[in-house]
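Chemist: Take this structure first; my questions come after.
The values are calculated or read from the model by the stated rules, or taken from the named source; none is laboratory data. Not measured: the values here are computed from a predicted model. Neighbour counts are summed over all protein chains in view; Cβ atoms, including those assigned to glycine, are modelled from backbone coordinates with ideal geometry. Ligands, DNA and RNA are stripped out before the accessible areas are found, and what is left, the full protein with its side chains, is counted by its heavy atoms. Shrake-Rupley method; radii C 1.70, N 1.55, O 1.52, S 1.80 Å.
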Amino acid sequence: MPSTLLHPATAGASSARSRCCARLAGLWLAAALAAGPAGAERAAVAGEVPAQVRALESAGRARPAESAAAVGALLAQAAPDRATRLEALTVQGWLLACVPDDEGAEGVARTLDNLAQPGASAAALLVRARLAEKTGNTRRATALIDEAMTRLPADAPPLARLRFVDAQARIRGSADKLEDAIRLGHEALKLADAQGDAWRQAEVRGELAYVYFIAKQLARASSLNEEALAIAARDGDAMTLAHVSNKRAIFRDAEGDLAGARRGFMAALDYARQAGAKTEEAGYLANLADSYLKSAEYPIALRYAQQALPLTRELKNLDGETVALANIGLAQIAMHDIEAGKKNLRASLAIDERRDSISGMSATYDEMGQYLEKAGDLAGAVDSLHQYRALADQMLQRDQQQAIFELQEQFDAERRAKEIELLRRENDLKGEQLHARDLQQRLWWLLAGCGLLTLAIVAMLLRRVRDTNRELADSNALLQELAEIDPLTGLANRRHFQATMRRVAADGRLEGTVFLIDIDHFKRINDCWGHAVGDAVLVEVARRLRSVLREPDLIVRWGGEEFLVVVRALGGDAVEALAGRMLDVIGAAPVEHEGRTISTSASIGFATFPIEPTRLAVSWERAINLVDTALYLAKAHGRNRAYGVRNLHAHDDAELDAIGQSLEAAWRAGEVALTLLQGPAAAEPATTITEWSRAAALPEPV
């Protein structure tokens with residue numbers, strides 16, 4: 001279907017029709033209220049209550065709080081039948097959850113729980129699932145909507161079933177269960193087409209299109225969204241046009257059509273303003289700000305972000321406020337108003353910290369560090385980088401703990417099932433024993449046979465108990481092993497490294513050569529190609545590292561895109577040769593994945609401990625901090641290179657910490673000797689900074 005956007009004049013007429021429908025709903029409600037209970041009852045008998053509820057449901061996409069209040073007033077004044085009351089309460093609870101109004105939505109859900117009619121408990125769960133989805137608790141939303149579907153009556157009206165299936169499809173998509181989301185989306189599409197409401201047909205197509213987009217099926221996503229846009233254009237509903245225009249802009253952006261994307265975002269913004277949808281207006285302003293940030297048009301990005309901020313605060317939308325503040329701060333830093341930018345970014349971080357949003361804080365620190373580095377504030381960039389890594393470690397540890405918890409739950413469930421089976425068999429044994437006694441009384445000649453049978457059963461059960469205990473021991477050993485292995489790369493994780501350090505460094509001091517490796521521009525790989533490609537790059541880099549290291553060497557996935565290597569203490573030439581091989585094997589050839597070619601390189605920091613010339617023995621924590629600082633020098637001075645600490649004149653931990661905090665300054669003061677190795681693109685032999693600096697100054701950060 002060809003791409004269709006409404007002409008401005010047509011858009012105005014469409015918006016007028018949408019507003020006309022909303023005014024008709026309000027006029028009907030006012031007339032019913034003026035006529036008193038009897039008039040309202042007559043309206044209900046005439047069947048107007050269901051029509052008005054559905055009109056308010058459509059209008060509630062733009063103004064959910066006002067529409068929910070209107071449904072409540074309708075319920076208070078009219079006397080609808082039981083089915084209509086159930087539908088009105090379901091719509092009211094859904095709209096309150098969209099605000100989100102936790103107390104109001106839960107109050108409606110409790111009212112639905114108390115309704116003694118089929119489908120009421122399912123509707124209560126639907127409202128709670130929507131509330132959990134809006135507040136970011138996808139796991140709870142999934143559990144609630146799945147239970148709601150089991151309670152939905154088989155003879156539920158088609159419109160009610162559409163609401164449930166559509167909600168389940170959207171929640172499955174939020175949980176990255178894309179196959180389920182696509183299957184349910186097509187089921188919702190059939191129900192919407194059979195129902196005949198144009199805005200529902202367009203909205204369901206738009207939601208299904210976005211799931212296809214997440215699944216990397218861009219052509220199918222664009223085709224479905226164009227169908228939705230054509231339906232919305234014919235219907236003239238401004239809110240639907242806003243939604244599908246925004247999705248069209250997102251798809252155009254993914255195709256690299258920046259001009260088309262911006263036209264789409266502007267169209268979506270105009271439609272949202274026509275519909276009076278302030279939440280969408282704030283979101284589309286944020287999309288525009290992001291678009292102009294990507295193209296380095298910072299004044300325009302700043303203007304859109306500043307327009308979004310007061311809207312998010314008026315709506316008390318903390319997600320939107322954090323995005324607006326972050327976009328303002330990044331634009332200001334890029335325009336060299338660094339202090340103002342930092343202030344706004346700290347305000348954004350403070351909101352995420354109050355909400356315990358570790359992922360949001362991590363992403364903000366990452367972008368903040370990149371923008372500060374480009375603006376020349378290296379100290380601020382270093383601080384942001386450390387904060388980002390600390391939060392990334394927290395997220396990694398949390399994910400690992402969750403994986404272990406889920407594995408433990410599965411293990412416990414299997415153990416309980418085996419225990420139940422054992423008890424069942426024991427009960428069977430008792431029954432057999434009772435039966436044997438009965439036979440003994442009646443048939444003495446079978447006594448010997450029954451005794452042998454009983455002994456055989458006992459022996460069998462004892463053998464099975466031993467087998468079960470052995471299986472439990474094997475499962476415990478497997479659980480311990482899995483807890484110390486990174487599930488993506490198969491390398492050791494931080495937990496295994498710490499356990500190893502407790503064994504081999506009982507005195508807390510590390511002996512060996514340590515390399516800390518960071519994949520360059522990994523966030524850009526994820527942003528451009530998606531997390532599946534990023535995962536493929538991590539797996540390939542892990543394989544390449546194994547190819548140049550020996551079996552006894554310890555390779556650890558240290559963080560998101562960081563790897564830690566510990567080998568026996570090597571001499572200067574051997575250390576540099578190994579660092580050079582790691583640079584070459586990572587950066588010499590691009591990673592191939594599903595027809596894509598992804599160029600890779602890495603930055604490395606390394607040192608041998610105890611460190612020369614004082615032979616200062618340090619804890620493994622201090623050793624890694626020193627190597628991490630050397631790694632940052634490699635990233636700050638252009639990436640695709642390695643810096644090694646060859647000599648460091650420190651006699652105790654305090655001197656080591658002081659030098660490590662300003663490594664470059666210590667080198668200039670002669671307290672440190674560093675070795676520089678270039679990546680495969682440079683193809684230069686390894687030199688020490690002392691030798692290299694005779695011909696050139698230390699390179700400026702890139």
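Chemist: Would you mention how many residues in segment 189-223 are part of a helix (DSSP H, G or I) and over 25 Å from the mean Cα position of the chain (by Cα)?
Modeler: The qualifying residues number 13.
Chemist: Something else now. Starting from segment 131-145, take each residue that is touching a residue at least 40 places away in the same chain (Cβ under 8 Å) and list its partners that are in a helix (DSSP H, G or I), counting only C-beta distances under 7 angstrom and pairs at least six apart or across chains.
Modeler: Within 7 Å, the pairs are Glu133/Ala141; Glu133/Ile171; Glu133/Ser174.
Chemist: Test of understanding: among Leu208, Leu218, which residue is without any contact (Cβ under 8 Å) to a residue 40 or more places away in the chain and surrounded by fewer than 17 Cβ atoms within 10 Å (Cβ to Cβ)?
Modeler: On inspection, the qualifying residue turns out to be Leu218.
Chemist: Does segment 504-516 include one or more residues that are assigned to a helix (DSSP H, G or I) and open to solvent by 10 Å² or more (accessible area, probe 1.4 Å)? Walk me through it before giving the result.
Modeler: First pass over segment 504-516, keeping only residues assigned to a helix (DSSP H, G or I): 504.
Narrowing further to those that are open to solvent by 10 Å² or more (accessible area, probe 1.4 Å): 504.
So far as segment 504-516 goes, yes, one or more of its residues are assigned to a helix (DSSP H, G or I) and open to solvent by 10 Å² or more (accessible area, probe 1.4 Å).
Chemist: Can you give me the number of residues within segment 218-264 that are under 15 Å from Gln274 (Cα atoms) and basic (Lys, Arg)?
Modeler: Counting residues in segment 218-264 that are under 15 Å from Gln274 (Cα atoms) and basic (Lys, Arg) gives 0.
Chemist: Consider only pairs whose beta carbons are under 7 Å apart and that are at least six residues apart or on different chains; among these, list those whose first residue lies in segment 161-189 and is polar (S, T, N, Q) and whose second residue is in a helix (DSSP H, G or I).
Modeler: The qualifying pairs are Gln168/Ile145; Gln168/Met149; Gln168/Leu184; Ser174/Glu133; Ser174/Thr138.
Chemist: Look at Ala589 and say whether it is open to solvent by 10 Å² or more (accessible area, probe 1.4 Å), free of Cβ contacts under 8 Å to residues at least 40 places away in the same chain and over 12 Å from Phe515 (Cα atoms).
Modeler: Taking the combined requirement at face value, the residue satisfies it.
Chemist: Which numbered condition trips up Leu126, out of (1) open to solvent by 30 Å² or more (accessible area, probe 1.4 Å); (2) in contact (Cβ under 8 Å) with a residue 40 or more places away in the chain; (3) under 20 Å from Leu56 (Cβ atoms)?
Modeler: Status for Leu126: all satisfied but (1).
Chemist: Further question on the same structure: Considering every residue within segment 316-329, establish whether at least one is over 24 Å from the mean Cα position of the chain (by Cα) and of a type in the set (S, T, N, Q). Full working, then the answer.
Modeler: Residues of segment 316-329 that are over 24 Å from the mean Cα position of the chain (by Cα), as a first pass: none.
No; the residues of segment 316-329 include none that is over 24 Å from the mean Cα position of the chain (by Cα) and of a type in the set (S, T, N, Q).
Chemist: Still on this structure: Kindly provide the set of residues from segment 494-536 that are under 19 Å from Tyr388 (Cβ atoms) and either in contact (Cβ under 8 Å) with a residue 40 or more places away in the chain or of a type in the set (Ser, Thr, Tyr) (or both), ordered by number.
Modeler: Within segment 494-536, Arg494, Leu516, Ile517, Asp518, Ile519, Asp520, His521, Lys523, Ile525 qualify.
Chemist: Among the residues of segment 190-201, is any without any contact (Cβ under 8 Å) to a residue 24 or more places away in the chain, surrounded by fewer than 16 Cβ atoms within 10 Å (Cβ to Cβ), of a type outside the set (A, V, I, L, M, F, W, C) and under 20 Å from Arg61 (Cβ atoms)?
Modeler: Yes, segment 190-201 has at least one match.
Chemist: Additional query: Answer yes or no as to whether Ala69 is in a helix (DSSP H, G or I) and open to solvent by 30 Å² or more (accessible area, probe 1.4 Å).
Modeler: yes
Chemist: Ok, one more. Could you please let me know if Ala249 is buried (at least 23 other Cβ atoms within 10 Å of the Cβ), in a helix (DSSP H, G or I), within 26 Å of the chain's Cα centre (by Cα) and at pLDDT 90 or above?
Modeler: So Ala249 fits the description; yes.
Chemist: Quick one: would you say Ala254 is open to solvent by 10 Å² or more (accessible area, probe 1.4 Å) and either aromatic (Phe, Trp, Tyr) or touching a residue at least 24 places away in the same chain (Cβ under 8 Å) (or both)? Steps first, answer last, please.
Modeler: Numbers: open to solvent by 10 Å² or more (accessible area, probe 1.4 Å): yes; either aromatic (Phe, Trp, Tyr) or touching a residue at least 24 places away in the same chain (Cβ under 8 Å) (or both): yes.
Taking the combined requirement at face value, the residue satisfies it.
Chemist: Can you name the residue in segment 592-616 that is polar (S, T, N, Q) and surrounded by fewer than 19 Cβ atoms within 10 Å (Cβ to Cβ) and, of all such residues, is modelled with the highest pLDDT? Steps first, answer last, please.
Modeler: Start the filter on segment 592-616 by keeping residues that are polar (S, T, N, Q), which leaves 597, 599-601, 603, 608, 614.
Applying the additional criterion that residues be surrounded by fewer than 19 Cβ atoms within 10 Å (Cβ to Cβ) yields 597, 599, 601, 614.
On the way: Thr597: 91, Ser599: 91, Ser601: 94, Thr614: 86.
This residue is Ser601.
Chemist: State which residue pairs qualify: first residue closer than 16 Å to Ala381 by Cβ and inside segment 316-340, second residue open to solvent by less than 50 Å² (accessible area, probe 1.4 Å) and part of a loop (DSSP other than H, G, I, E, B) in any location, beta carbons under 7 Å apart, and separation of 6 or more residues or different chains.
Modeler: Final answer for the pair search is Ile338/Asp377.
Chemist: Looking at Arg668, Arg646, Arg641 in this structure, which one is surrounded by fewer than 18 Cβ atoms within 10 Å (Cβ to Cβ) and not aromatic (Phe, Trp, Tyr)?
Modeler: Arg668
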